[in-house]
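The values are calculated or read from the model by the stated rules, or taken from the named source; none is laboratory data. It should be emphasised that the depicted structure is a prediction, and the values quoted were computed from it without experimental measurement. No Cβ is skipped: glycine too gets one built from the backbone with ideal geometry, and neighbour counts run over all protein chains shown.
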Amino acid sequence: MLDDQSTKFAQSQTWFITTLVVGLLLFSLQKSNLIYAQGLDARTIAFAVEKQLITAIEKSEKSVVAISKIKTQKQQIQSRVPAPFGLDPNQQFNESQNPQNLSFIPNEFGSGVLIPDPTNQKRILILTNYHLTQGGPVAGKKATPENRIYVHTVNRQGFYAEIIAADPRSDLAVLSPARKLPREYALSLLPIKYGNTESIRKGQFVIALGNPYAIARDGSPSASWGIVSNFHRFPIPVKKHFFDLEIAKEETLHHFGTLLQVDTRLDLGTSGGALLDLDGNLIGITTSLAALDGYEKSTGYAIPIDKATMRIINSLSAGLEAEYGFLGIEPNTIERSQLRRNFMGNVALQDPYYVKANNVKQHSPAQLAGMQPHDLILSINGKKLTNHMELMREVGKAGAGNEVKLQILRGRKPRELTLTVKLGKWPVVDDEGIVQTQYRHPLWRGLRVDYPTARSKLTFSPFSYPPAVVVTYVTPESPAEQAGLKEGTFISHINNQAIKTPDSFYQAAQKTNNSPVTLLLLDGRKVILTPK
């Protein structure tokens, strides 16, 4: 851990660099032909930059909230590191205490952002990081939660919130008020406006709003600013073992390189906060996911609000599980020299690295689309690939059931082909961590099914992709239970019609009306399922 002297040096160094950058900016603007009026000096330009920052912050600060996670039961936490600012991790919440009282310090704290309701129900929705909501109350469930979640908003007001849906793989969650708010107060909670992340560039100025060290509990978020340093950054790698599910739970989509790196201070408590462009629009959600333990860093990370993230946000806002795409191959990054020696002879390959399909699983989406072992995957949806991590990232972001186009190179005398693949579903390891309050399909005769790879614990084999759907839930005393079906059963046919996806299963099920149905299981057994 850095000592005080080192910390002060790092802070002074950061200030020097920031000052230098601003100075160079002002100097370049003075010399630029973009100055429309004669005689503009550095002071005038500095005030113009300052005004833009102030305007952007004023536009969006009321949409950024502080979040307190308060333990409802005392838990012993052993730590050799003293809690910062007198925060007591063993503090037990007393219902008589009021989180609006600024003297009350929560056990855990972070930030959140009021977002528009994509379902047009005009609900109050708060987007935040998943890790800030763990153990919190779930909408529609009466069980006593491990923690309560309190949202601090403008004018020192606030409310208790509950989880609509939460997703450990993206580290995102969506909350809503646990009870209906007074109309006047509800109307004062304005959702933020989204920006355009497609045009973000290195060096672009950004503003971060959040709740550092829980000091934004008065409803006024703290601001910092900096620049976009880089794209597709990685958190600390997870040293996982293929068969160790507990370690695998730590892996997120961001471990494949999704994060924005920003050169602005993101202190303890700014996770879940807003990253804004200079127009005050939301372009990212700040996160501590990539931080190094024991170090105080001026740099930070943010989850970009791109099309893939919007797909996840929309799913969570609807109370649904956020599903990720699955191709069904074993990809590998291979050097050009190795390709020439072992696969493609003296073919003129231009790039230093390529992505090769070492293995293609039988019945997988990749095989159904025509992919073969040793195919080189050049791009996905027009995005050029340089390593297999990029392929896994883009496939995951695309989502289950969606189509992607892969440009491939095949054969010792290579020819380019375009394959259209309808993706399967990435096997969920941390299924207990997923919070969902709605499902994409209703229960059918007491049965709920999903993709064959929907859950790691139910996967038929880690080396296959069975042509079937898997049962993920059976209602007690339902026709499904009476027929002997249980969680983990694979169903390959309904009334002799082959099914491979949840959509095809429910489409076939709807055609059966109220008649008895014959289900063919993957192990060859036949089951008769009655209506009631």
Query raised in the report: Of the residues in the stretch 409-436, how many are surrounded by fewer than 17 Cβ atoms within 10 Å (Cβ to Cβ), in a loop (DSSP other than H, G, I, E, B) and among the β-branched types (Val, Ile, Thr)?
Result: 1
Query raised in the report: Looking at (1) surrounded by 14 or more Cβ atoms within 10 Å (Cβ to Cβ); (2) on the phi < 0 side of the Ramachandran plot, which is the only condition Ile528 fails?
Result: (1)
Query raised in the report: Can you find even one residue in the stretch 470-479 that is farther than 30 Å from Leu175 by Cα and touching a residue at least 40 places away in the same chain (Cβ under 8 Å)?
Result: yes
Query - Where a residue in the stretch 239-262 is among the small types (Gly, Ala, Ser) and its partner, wherever it lies, is modelled with pLDDT of 65 or more and assigned to a helix (DSSP H, G or I), with Cβ under 9 Å and at least six apart - result: Ala248/Ser456; Gly257/Met389; Gly257/Glu390; Gly257/Arg393
Requested in this report: Kindly establish whether Pro191 is within 24 Å of the chain's Cα centre (by Cα), closer than 15 Å to Ala274 by Cβ and of a type outside the set (D, E, K, R).
Outcome: yes
Requested in this report: Would you mind telling me which numbered condition in (1) modelled with pLDDT under 90; (2) farther than 18 Å from Ser271 by Cβ Glu250 fails?
Outcome: (2)
**Report entry** Candidate set from the stretch 455-467 (those that are in contact (Cβ under 8 Å) with a residue 60 or more places away in the chain and not in a loop (DSSP other than H, G, I, E, B)); member that is surrounded by the most Cβ atoms within 10 Å (Cβ to Cβ)
**Finding:** Ser456
Query - Selection count where residues are touching a residue at least 60 places away in the same chain (Cβ under 8 Å), surrounded by fewer than 18 Cβ atoms within 10 Å (Cβ to Cβ) and outside any loop (DSSP other than H, G, I, E, B), scope the stretch 189-205 - result: 2
Report summary line: Wholly inside the stretch 303-377, helices (runs of 4 or more DSSP H) that include 3 or more residues that are at pLDDT 90 or above and not hydrophobic (A, V, I, L, M, F, W, C) are 307-317
Query raised in the report: Of all residues in the stretch 113-151, which are acidic (Asp, Glu) and at pLDDT 95 or above?
Result: Asp117
Report summary line: Expected single match for touching a Gly at 6+ places or on another chain (Cβ under 7 Å), surrounded by fewer than 24 Cβ atoms within 10 Å (Cβ to Cβ), over 23 Å from Ile215 (Cβ atoms) and touching a residue at least 40 places away in the same chain (Cβ under 8 Å) among Pro118, Pro145 is Pro145
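So that you can scan it fast, the table gives a plain yes or no per residue for (1) out of contact with any Phe, Trp or Tyr (no Cβ under 7 Å at 6 or more places or on another chain); (2) over 21 Å from Phe326 (Cα atoms); (3) surrounded by 14 or more Cβ atoms within 10 Å (Cβ to Cβ):
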| position | (1), (2), (3) |
| --- | --- |
| Thr453 | no, no, yes |
| Val469 | no, no, yes |
| Pro476 | yes, yes, no |
| Lys486 | yes, yes, no |
| Ser492 | yes, no, yes |
| Ala498 | yes, no, no |
**Report entry** Residue list for the stretch 262-279, restricted to those being at pLDDT 85 or above and surrounded by 24 or more Cβ atoms within 10 Å (Cβ to Cβ)
**Finding:** Val262, Thr270, Ser271, Gly272, Gly273, Ala274, Leu275, Leu276
Query raised in the report: Of all residues in the stretch 139-185, which are within 23 Å of Pro304 (Cα to Cα), assigned to a loop (DSSP other than H, G, I, E, B) and not polar (S, T, N, Q)?
Result: Pro168, Arg169, Asp171
Query raised in the report: If you check every pair at least six apart or on different chains, which have Cβ atoms under 8 Å apart with a residue in the stretch 383-403 that is touching a residue at least 60 places away in the same chain (Cβ under 8 Å) first and a residue that is hydroxyl-bearing (Ser, Thr, Tyr) and surrounded by fewer than 22 Cβ atoms within 10 Å (Cβ to Cβ) second?
Result: Met389/Thr333; Gly401/Thr501
Report task. State whether one or more residues within the stretch 223-232 are surrounded by fewer than 19 Cβ atoms within 10 Å (Cβ to Cβ), outside the structural domain of Thr144 (by TED's automatic domain parsing), more than 19 Å from the chain's Cα centre (by Cα) and among the β-branched types (Val, Ile, Thr). Result -> yes
Query raised in the report: Right, Leu282: among the aliphatic types (A, V, I, L, M), modelled with pLDDT of 80 or more, under 30 Å from Ser220 (Cβ atoms) and in contact with a strand residue (DSSP E or B) (Cβ under 9 Å, 6 or more places away or on another chain) or not?
Result: yes
